[in-house]
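Okay, structure first, notes after.
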Amino acid sequence: MNPPVFSRFNHDPRYPPLESSRAGALSRKQFTFPHRTGITAIKKGMMGIFDKETGERIPCTVLQMDRLQVVGHKTKKANGYYAVQVGSGSKNPMKTTRAELGHFHKNEVPPKADITEFRVKGKDGLVPIGTCIRADWLIVGQFVDVKATSKGKGFAGGMKRHGWKGQPASHGNSLAHRAMGSSGAGQGGGSRVIPGKKMPGRMGGHSVTVCSLKVVQVDAENDLILVKGAVPGPRKGMIKIKDALRKAWPDVPSIPAHLLAQKAATSDAAAEVSDVAVEAESVS
């Protein structure tokens, strides 16, 4: 086996050096997926807040979580990877499919309107099923990656869709001021228009990820999260949030201690109820 070759294109000193070997690829794979599960929220709009120290006005996007709860797991043994299924909102059981009802009944959780799956690095990131996740899952000051579907603009011309400057406004130009011009059908092999050529067409309505947005405020009581900057998508749109891959991981465990304590207390209470029921049956 040839020795690994160091690459000078390593862009982040906290990552292992890029090596042209299988071992190097496996060592970098640990930075591909977050240690913790992501969450979902609803975009409420934008507002501005002022920094108490500098007085600077910070444009923020308000995101609100909607009764987030863990509804399922994916494991390496059964599915080939580790992932957490997070449900949000609520759904009428009469309008839920039998397959979904079976999934919710198996995991003893109420029907949810939306289910989102987040991959995690290992089994340590599997939050117990039934755990309710609040806004304090995120930490003020950490960075997150936000993913959503952008606003659909419909069919748009080249100047709006790609930012072209347009053709001359005068000097012989007739009715082609905003037209795209030649598509270059005579270039390349076969004298054809190369796939992917920038042209007028449907604009927006596709998945967009904005990286490394800073969490400015967290309101755990009302499940509100304020992130610095703009977030793609319209109001009332579903937003996926996870720890930023291009920043250092938050210095917190994969599962916060208070969630583990809450789950343990719930399990103990359920065990006590079952013991009381058994004693009542034996007495009767």
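None of the figures in this text is laboratory data; all of them are computed from the coordinates on show. Bear in mind that the values here come from a model prediction, so they are computed numbers and not experimental data. Cβ placement follows ideal geometry from the backbone for every residue including glycine, while neighbour counts extend to all protein chains displayed.
If R0 is 25 Å, what FRET efficiency do you get for V140 and E117 from their C-beta distance, rounded to 0.05? Could the numbers behind the result be given before it?
Values: r = 27 Å, r/R0 = 1.07.
So the FRET efficiency works out to roughly 0.40.
With the simple spin-label model, which puts each label point 7 Å out from Cα in the Cβ direction, the M46 to H171 separation comes to 3.7 nm. In order along the range 106-111, phi translates into HN-Hα couplings of 4, 9, 6, 10, x, x Hz, rounded to whole numbers, per the Karplus curve 6.51 cos²θ - 1.76 cosθ + 1.60 with θ = phi - 60° and x for Gly and Pro.
What's the FRET efficiency of T54 with V208 using the Cβ-Cβ distance as r and R₀ = 25 Å, to the nearest 0.05? About 0.25, to the nearest 0.05. Straight Cα distances below 21 angstrom link K165 to the lysines K153, K197, K198, with same-chain residues fewer than 8 positions distant left out.
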